[in-house]
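Down below is the structure, laid out as structure tokens.
The values are calculated or read from the model by the stated rules, or taken from the named source; none is laboratory data. None of these values were measured; they are calculated from a predicted model. Cβ placement follows ideal geometry from the backbone for every residue including glycine, while neighbour counts extend to all protein chains displayed.
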Amino acid sequence: MFTTRSPETTLDPVVDHPRITVLGVGYLGATHAVCMAALGFDVLGVDVDQEKIDELTSGHVPFFEPGLQEQLSEMLHAGRLAFTTDFDQAVRFGDVHFICVGTPQSIDSNAADLTFVERAFEALASRAHRKALLVGKSTVPIGTAERLTAMVTARAPIGDALELAWNPEFLREGFAVDDTLHPDRLVFGVASGWAERQLRAVYAPILRRGTPLVVADLATAELVKVAANSFLATKISYINAMAEVCEATGADVDVLAEALSYDERIGGRFLKPGLGFGGGCLPKDLRAFAHRAEELGVGRAVAFLHEIDDINTRRRLRFVDLVRDLAGGDLQGARVAALGAAFKPNSDDVRDAPALDVARMLALEGAIVVVYDPEANENAHRTYPDLDYAGSLREAVTDADVVALLTEWEEFGRADPDEIGALVNRRRIVDGRHALDAVAYREAGWTFRALGQPAGAGHVAPYEAEPVT
Ligand code: UDX
């Protein structure tokens, strides 16, 4: 267990059962608000987007996240959760304010765009007339919390009685509720003993279960998040780099990954080769971290992160090569069934999704791409309206010259190679996620290819030493 390092303590009393506001009720904030209510707190969710607030107030989660819908209805019904666009109400209500707004990649650089974070802190600070704790949860460049502390103190009518802490989250899409209610660790970045004690009061129900707590300074807490995501990205790109080596040597990356995974020091998680990582966190956090490190004069220390990003992008290009090969060397006019659009299964998120990027590249080479994703068709269509979208797996594969498995939804793994074989124009498939039973497909007369595997390789059952997530 880590030792708790408490900064100097102040005598201010903590609020034992604080009233909580959550600013920014997107994916992270909505989940956090609902889960804080589930832990027994009175919670007010705040956002500038009236439509989002209306949807949540009416009990509807505006994105796909297993389990969240039920919890939201339950908490609204219990009267512990409400939503508003009124910041004055938020400041009057909250003892602890969690800031969960987005930090997307800037349009013109790899840096994180902090506009929303700055606005949120400013909106709270300028209205603060009583002691409260502002807790940043958004992923930000190192040094942001210190800068915001100075701004908040200068702007707040009560000055430094308005304190700031950083409390990174590690939740995964698809497991967000469980990750929030049962985190593997908590990290508190604090500048005073009062802030630490106030956060301990908030997380008391989780800490009582013995969940490890790391108390840190603000900069370390900021760094934990980007360091963790960079490490995960590095692990994925490592096995995908090995896939490139396998492709040059005839070795099989699935067998390699399995052999590595039994070494407990390495472990099998995040060692699944394929199309690589995407989503709203890993790619942008990696880039923002490298950018910030360069600003701080330590760019060389994390220069390898650029290569991690490049390895990840190369997988998509290599996948397109495989599809082109199976289409006879030219994609012009070839019908390709793109199975999956979301960046991973159990999500409707298409931000930086390898699947959708591949579909786009195939279409650019003249392929007629028909996309089917069990949950993400709508978001994908909004991003790339020019691609064709199918309402079912059967519809997507009908008359396909090549099938491209891009996101490993369970539905695709369950599909019967003979049944879908009867619908396609040619039995040719590329498995971008090492999720299918290669032997079953070959036995059903399919030409089966996967990244990092020689043409005839593949397992009876896909490698699954440990779950991916
Ligand atoms: C990630 C972190 O896991 C989470 O802790 C953090 O809070 C937010 O970012 P998430 O973006 O939900 O979570 O996705 P994750 O499950 O980590 O997957 C990221 C990407 O990596 C997906 O595109 C997935 O398909 C890919 N991946 C994951 C692999 O290609 N191989 C693996 O072995 C694991």
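Listed values, structure above:
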{"item": "Residue match in the stretch 153-167 (condition: within 16 Å of the ligand (Cβ to nearest atom) and touching a residue at least 60 places away in the same chain (Cβ under 8 Å))", "result": "yes"}
{"item": "Helices (runs of 4 or more DSSP H) contained entirely in the stretch 293-410, each with at least 2 residues that are touching a residue at least 40 places away in the same chain (Cβ under 8 Å)", "result": "304-326, 354-364, 393-397"}
{"item": "Candidate set from the stretch 168-193 (those that are assigned to a loop (DSSP other than H, G, I, E, B) and away from the ligand (no atom under 16 Å from the Cβ)); member that is nearest to A30 (Cα to Cα)", "result": "V190"}
{"item": "Residue among S106, S73 that alone is modelled with pLDDT of 95 or more and of a type in the set (S, T, N, Q)", "result": "S73"}
{"item": "Residue under evaluation I311, criteria (1) surrounded by 19 or more Cβ atoms within 10 Å (Cβ to Cβ); (2) more than 13 Å from the ligand (Cβ to nearest atom); (3) under 25 Å from L356 (Cα atoms), criterion not met", "result": "(2)"}
{"item": "Criterion violated by L271 - all others in (1) among the aliphatic types (A, V, I, L, M); (2) within 8 Å of the ligand (Cβ to nearest atom); (3) surrounded by fewer than 21 Cβ atoms within 10 Å (Cβ to Cβ) satisfied", "result": "(3)"}
{"item": "A219, sole failed condition from (1) without any contact (Cβ under 8 Å) to a residue 40 or more places away in the chain; (2) of a type in the set (G, A, S); (3) in contact with a strand residue (DSSP E or B) (Cβ under 8 Å, 6 or more places away or on another chain)", "result": "(1)"}
{"item": "Residue list for the stretch 109-125, filter: charged (D, E, K, R) and in contact with a strand residue (DSSP E or B) (Cβ under 9 Å, 6 or more places away or on another chain)", "result": "D113"}
{"item": "Qualifying residue in the stretch 207-216 (condition: assigned to a helix (DSSP H, G or I) and surrounded by fewer than 19 Cβ atoms within 10 Å (Cβ to Cβ))", "result": "yes"}
{"item": "D54 vs. criteria within 23 Å of S126 (Cα to Cα) and either assigned by TED's automatic domain parsing to the domain that holds A30 or in contact (Cβ under 8 Å) with a residue 40 or more places away in the chain (or both)", "result": "no"}
{"item": "Filter pass, K225 being within 16 Å of the ligand (Cβ to nearest atom), buried (at least 23 other Cβ atoms within 10 Å of the Cβ), in contact (Cβ under 8 Å) with a residue 40 or more places away in the chain and more than 23 Å from T180 (Cβ to Cβ)", "result": "no"}
{"item": "Among (1) within 13 Å of the ligand (Cβ to nearest atom); (2) closer than 16 Å to V226 by Cα, the one test that V298 misses", "result": "(1)"}
{"item": "Inter-residue pairs, beta-carbon under 6 Å, first within 18 Å of Y238 (Cα to Cα) and in the stretch 265-291, second in a loop (DSSP other than H, G, I, E, B) and polar (S, T, N, Q), 6+ apart", "result": "D285/T139; R287/N110"}
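Listed here are the residues, each with its yes/no results for (1) among the charged types (D, E, K, R); (2) outside the structural domain of V96 (by TED's automatic domain parsing); (3) more than 25 Å from E65 (Cβ to Cβ); (4) modelled with pLDDT of 95 or more.
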{"residue": "V177", "(1), (2), (3), (4)": "no, no, no, yes"}
{"residue": "P183", "(1), (2), (3), (4)": "no, no, no, yes"}
{"residue": "S192", "(1), (2), (3), (4)": "no, no, yes, yes"}
{"residue": "P205", "(1), (2), (3), (4)": "no, no, no, yes"}
{"residue": "L223", "(1), (2), (3), (4)": "no, yes, yes, yes"}
{"residue": "M242", "(1), (2), (3), (4)": "no, yes, yes, yes"}
{"residue": "D252", "(1), (2), (3), (4)": "yes, yes, yes, yes"}
{"residue": "E258", "(1), (2), (3), (4)": "yes, yes, yes, yes"}
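Residue-wise test of (1) surrounded by fewer than 18 Cβ atoms within 10 Å (Cβ to Cβ); (2) within 22 Å of the chain's Cα centre (by Cα).
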{"residue": "R351", "(1), (2)": "no, yes"}
{"residue": "N377", "(1), (2)": "no, yes"}
{"residue": "V402", "(1), (2)": "no, no"}
{"residue": "T407", "(1), (2)": "no, yes"}
{"residue": "E419", "(1), (2)": "yes, no"}
{"residue": "R433", "(1), (2)": "no, yes"}
{"residue": "R449", "(1), (2)": "no, no"}
{"residue": "P454", "(1), (2)": "yes, no"}
